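See below for the structure under consideration.
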Amino acid sequence: QLKKLDQAVSAAHTFFVANPQHLQMREDIEKYRRMSGVKSDSFQDLEATPHWEAYETGVQHYDADEYLQAVARLEESLSEALSALEECRALCEGPWEDEDEEEEMQPGLYEAIAAHYIQVLKCRQQCVLEIATKPGRISATEDFIPSHLDLLQFAYSQAGNQTLAAECAASYLLFYPMDEPMLEKMKEYRTELGEDAAVTARQSIQHYVQRSLMEKKLIYYAVEHLGETFNDPDLWTPDELIPENLKQKHREDQEKQKRETLDLEEREKRGPLPFEGIVVTMDSQQMNGTQRVVFDRVLTESECKDLLRLTKAAGEAGDGYRARRSPHTPHERFEGLTVLKAVQLAQNGDVEWRDAKLLLQASEKSRQIIESYFTPGKKLHFSFTHLVCRRAVDGEQEGRMDLSHPVHADNCLLDPEGQECWKEPPAYVYRDYSGILYLNDDFQGGGLFFTEMDTVTVTAEVRPKCGRLVAFSSGKENPHGVWAVSRGRRCAIALWYTHSQEHAEQDRVKAEELMEQRAVEQDQPDGGKHQGTDGRSRSSSTPRAPSRASKPADERQKPGLDRRQHPKVLRARDEF
């Protein structure tokens, strides 16, 4: 209001970095981007720490293959991070905080000294998590210091400086001395530099590792003999340093981290399809990603028409946003209907029972297909089911530059600048798989697209049509968005699934109970648990034999993701 645009833009950007789910701020950011008096460098994060700012800029240069600029900023980030680490460690030198104030027995002098010192050591060890956590986030970036060295060795190599590349590789091996890819790199560097060339790790990294190991040794002694507890912040801690009674937990933590970082291409599962007539139109390899697939013929044309008839109730009496402006863009109207609301409308006579039942059937059929294909033998529960339509607002499409739904991931907060996806609230962290079952194609725009982590490098696009089901895992490996609906009305059933039964969709349970009650009242009790919700009623699909799909694409040759410059869009809410 004071016309100080630069300060307004930086304030808005700072808030948005820490709150990427805030829809009003997203709209304000987009408004500022279109203003002629606003420069791109006005979008500054006022709370950014020096090492994080340098790190993110360095990663952007790295991903753009600008290696000279990348090494400059990554070196700056590493230096600033180590300085921030020292500042954090100094703050640990405070008074002893008794964590068990209710204990009646007062410790003796030596016990008090030991407890205070161990408390300081544990505080110092946790400082690496402090510097590895981006401002506004809760979760720390794993292996923050080693990752700098990994990126730097590759960047220096590409820039033609093999001496510094070898130095960074040797420094990285201090953390992971048995890392085979890095050991192979070291052999290459020694061959190129000559066997007589002295290749040593950086002095600052040697000091960092030696000091950390010494502190860990003391802490683990206290854990084993003095009853202390310790959550080791590092994945690289040598196994021999950990007491025998704690090794199992440490191994489990390491295995968990390996499973999470293991390339999804290696664990892509392909189970048999439970219905005949359904075809795999595109698999992960054809969609340039992992855990992605497109099925066709999941619904017939007649079934699509029946469900489209049900969508009219979504605009008139449904839930969601009741035909209000979309929460994602002012250029579209949004209509939504849950399965419970559909059954309640059928009870009131506002829609036909068969149409409400078909919504349950179609979504259950989709669940069985996705479960069988991606997670055979492991139960998928509904997390949320929503019949949604997006309608272009007439007269407001000219010059439109936004999306129908900004790029996002379904179970984490996408951070394209940091190339991370933070699995923390308010994200739906319990969601495991997502699906979209399309009902029509008589509209313009509205296609689904997948991107890299940068949210702008499009890797695959899917054109909606009746009976087409797109399914994918809900994590950071599948950022996606929806192109603007510029004409007509796009309708689909949005589906989210979870392996966690405690997060199962309660509205669906109630809807199925009401449907069973209706069947009893009509003297037509369901056969089995829920006759008709297995996807076979009113469909030509019947059980079919197993089929296998092709393997996913080859893994990348360098750390990080390939990113390109482009105006970016960010995560919004969870309606496709």
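Values for this structure:
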| item | result |
| --- | --- |
| For Thr459, residues with placed amide H under 5 Å, excluding near neighbours | Phe450, Thr451, Glu452 |
| Pairwise centroid distance, computed over Cα atoms, of region 435-467 with region 399-419, Å | 14 |
| Cβ charges +1 (Lys, Arg) and -1 (Asp, Glu), total dipole of region 131-257, debye | 400 |
| Between region 169-192 and region 490-523, the alpha-carbon center distance in angstrom | 54 |
| Linear extension gain, Glu521 paired with Thr200, 0.36 nm per residue minus alpha-carbon span | 107.5 nm |
| Förster-model FRET efficiency, 51 Å R0, Glu276 and Lys312, C-beta, rounded to 0.05 | 0.95 |
| Lys/Arg +1, Asp/Glu -1 at C-beta; region 5-48 dipole; positive extreme among Met25, Gln44, Ala11 | Met25 |
| Pairwise label distance in nanometres, Ala504 with Glu111, each label 7 Å out on the Cα-Cβ vector | 5.0 |
| Two-site label geometry, Arg34 and Lys305: point separation in nm, points 7 Å out along Cα→Cβ | 4.0 |
| GluC sites (Glu not before Pro) lying in DSSP loop within region 121-217, provided at most 11 other Cβ fall within 10 Å | Glu195 |
| Most to least packed among 4-10, 364-370, 456-462, 66-72 [average Cβ atoms within 10 Å] | 364-370, 66-72, 456-462, 4-10 |
| Unsatisfied cross-links (Cα-Cα over 31 Å) in the set Lys305/Lys476; Lys341/Lys465; Lys341/Lys365; Lys31/Lys134; Lys357/Lys379; Lys4/Lys476 | Lys305/Lys476; Lys4/Lys476 |
| Derived scalar couplings ³J(HN,Hα) [region 274-286; Karplus, 6.51 cos²θ - 1.76 cosθ + 1.60; whole Hz; x for Gly, Pro] | x, 9, 7, x, 7, 10, 8, 7, 9, 10, 4, 5, 5 |
| Label point distance in nm, Ala64-Thr229, each placed 7 Å from Cα along Cα→Cβ | 4.7 |
| Accessible carbon and sulfur surface of region 5-48 relative to its total accessible area, %, 1.4 Å | 47 |
| Residue-count net charge about Arg400 - beta-carbon cut-off 12 Å; Lys, Arg +1, Asp, Glu -1 | -3 |
| Neighbourhood charge, 9 Å Cβ-Cβ cut-off, centred on Arg137 and excluding it, Lys, Arg +1 and Asp, Glu -1 | -2 |
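The values are calculated or read from the model by the stated rules, or taken from the named source; none is laboratory data. Because the structure is predicted, anything quoted here is derived from the model rather than measured. Using ideal geometry, Cβ is built from the backbone for each residue, glycine included, and neighbour counts are taken over all protein chains shown. Protein only, heavy atoms only, side chains kept; ligands, DNA and RNA dropped before computing areas. Shrake-Rupley method; radii C 1.70, N 1.55, O 1.52, S 1.80 Å.
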